[in-house]
Amino acid sequence: MWDYTDKVKEHFLNPRNVGEITDADAVGEVGSLACGDALKLFIKLDENKERIVDAKFQTFGCGSAIASSSALTEMVKGKTLDEALEITNQQIADFLGGLPEEKMHCSVMGQEALEAAIAKYRGVEAPAHGHGHDHVETEGELVCKCFGLTDVFLKKVIASNKLTTAEQVTHFTKAGGACGGCIPKIKDLIAEVLGEEKKVTAEKPAKLTNLRKMQLIQETLENEVRPQLWADGGDLELIDIDGSNVQVAFRKACAGCASSGYTAKFVEQKLRELVSPDITVQEVQG
Ligand code: FES
């Protein structure tokens, strides 16, 4: 089963700050019973409305959801609202000595509840929330219908946690963990986020000779593309390069997969970013 740290177990067995603050200044609620996890966070500010003097929670969820909520309430006390907003889901997990990756969505839910509570207190829209349970306006396009998660929310979690596989996204958000119908779109979002990051850092060669272009295509497939496919049990083989047309054949889990069109698009996007913008990728049977 899951390998929990002693601190997770301790916060699960002796959760801090369970309950309700009847005169709370801010209340944030995320998740839903239908999704299997729900968290309601109460925050009380000092008389100058500057610092958090108390925080309590009510949660429905697994042991790590309880431990994450308990940790969060301890972490926010004494902080200003701006300081509290700096808390990331990774810091919640770190406070507990780590969480199994399959349970990271519990830390994400804590961060969401905190952002929802502060946004409500300030009368502004919560940033990029996925679980719109708190009647907070959700931003973006709905990607995972089963868990009500938007593209903006998923991209935020992918970027801030440096996620590279659909499985990781499921562990951090639950998206893709029910019917699986959104997995191709999740892979697109990962490719998009990775592409945006590369745009910032990648240096494109000024002018490529044909030989150098072929070398770069091979290197990119080996170093950037195939490791990501391996992580999902798939693979590809480079069949031919004809000018800017790259022919690949999918192997293992990618072979015959209904989502191979998305995967080909992902490969093309990678090669366009890292090699040359005129590259096209064609899937062939090889
Ligand atoms: S739509 Fe995402 S798991 Fe069903």
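Using a Förster distance of 25 Å, how high is the FRET efficiency between Asp3 and Lys162, based on the Cβ-Cβ distance and rounded to 0.05?
Details: r = 22 Å, r/R0 = 0.86.
Plugging the Cβ-Cβ distance into 1/(1 + (r/R0)^6) gives 0.70.
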*How much of the accessible area of region 167-286, probe 1.4 Å, is carbon plus sulfur, in whole percent?*
49 percent
*If each of Val18 and Ile239 carries a label point 7 Å out from its Cα toward its Cβ, how far apart are those two points in nm?*
6.0 nm
*Would you mind classifying region 185-286 by shape? Square roots of the alpha carbon gyration tensor eigenvalues, ordered a ≥ b ≥ c; an a/c under 1.5 is rounded, otherwise it is prolate if a/b is larger than b/c and oblate if not.*
oblate
*Return the lysines within reach of Lys213: Cα separation strictly under 16 angstrom, same-chain partners fewer than 8 residues apart disregarded; answer none if there are no such residues.*
Lys204, Lys270
*With the full set of protein chains in place, find how many percent of the accessible area of region 23-74 is carbon and sulfur; take the probe as 1.4 Å.*
46 percent
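Going by a ≥ b ≥ c, the root eigenvalues of the Cα gyration tensor, does region 9-123 fall in the rounded group (a/c under 1.5), the prolate group (a/b larger than b/c) or the oblate group? Could you put the intermediate results ahead of the total?
On the way: a/c = 1.66, a/b = 1.49, b/c = 1.12.
Judged from the Cα gyration tensor, region 9-123 comes out prolate (a/c at least 1.5, a/b above b/c).
Starting from the residue with the highest accessible area, list Phe172, Phe60 in decreasing order, probe 1.4 Å. Mind dumping the intermediate values first?
Details: Phe172 15, Phe60 105 Å².
The ranking, largest first, comes out as Phe60, Phe172.
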*Percent antiparallel among DSSP beta bridges with both residues in the chain, to the nearest 5?*
85 percent
*Please give the length that would be gained between Val124 and Asp94 if that part of the chain were fully extended, namely 0.36 nm times their separation in residues minus their C-alpha to C-alpha distance (nm, one decimal).*
7.9 nm
*Which value, in Å² rounded to 10, gives the accessible area of Thr150 with a 1.4 Å probe and all protein chains present?*
10 Å²
*Whole number in Å², please: accessible area per residue of the chain, 1.4 Å probe, ligands, DNA and RNA not counted.*
48 Å²
*Of Ser107, Gly78, Phe57, which is farthest on the positive side of the dipole of region 44-107, counting Cα position, with +1 on Lys and Arg Cβ, -1 on Asp and Glu Cβ, and the Cα centre as origin?*
Phe57
*For Gln247 paired with Glu141, estimate the spin-label separation in nm (one decimal), with each label point 7 Å from Cα along the Cα-to-Cβ line.*
3.2 nm
*Please give the helix 104-122 orientation as an angle from the longest Cα principal axis of the chain, in degrees from 0 to 90, rounded to the nearest 10.*
60 degrees
_At R0 = 41 Å, how high is the FRET efficiency between Lys79 and Ala231 if r is their beta carbon distance? Nearest 0.05 is fine._
0.65
_Let me check I've understood the local charge: for Lys145, count other residues with C-beta under 14 angstrom from its C-beta, Lys and Arg +1, Asp and Glu -1. What total comes out?_
0
*asked:* So, taking all protein chains as they sit and a 1.4 Å probe, how much accessible area belongs to Arg51, in Å² rounded to tens?
replied: 100 Å²
_Suppose the chain between Glu47 and Leu211 were pulled fully straight at 0.36 nm per residue; how much longer would it get relative to their current alpha carbon spacing?_
52.1 nm
*With a ≥ b ≥ c the root eigenvalues of the C-alpha gyration tensor of the chain, is it rounded (a/c under 1.5), prolate (a/b larger than b/c) or oblate?*
prolate
*Among beta bridges that DSSP assigns inside region 6-129, antiparallel share in %, nearest 5*: 95 percent
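The values are calculated or read from the model by the stated rules, or taken from the named source; none is laboratory data. Every value quoted in this text rests on a predicted model; they were computed, and no experiment measured them. No Cβ is skipped: glycine too gets one built from the backbone with ideal geometry, and neighbour counts run over all protein chains shown. Accessible surface is based on the protein model in full, side chains and every heavy atom, while ligands, DNA and RNA are left aside. Shrake-Rupley method; radii C 1.70, N 1.55, O 1.52, S 1.80 Å.
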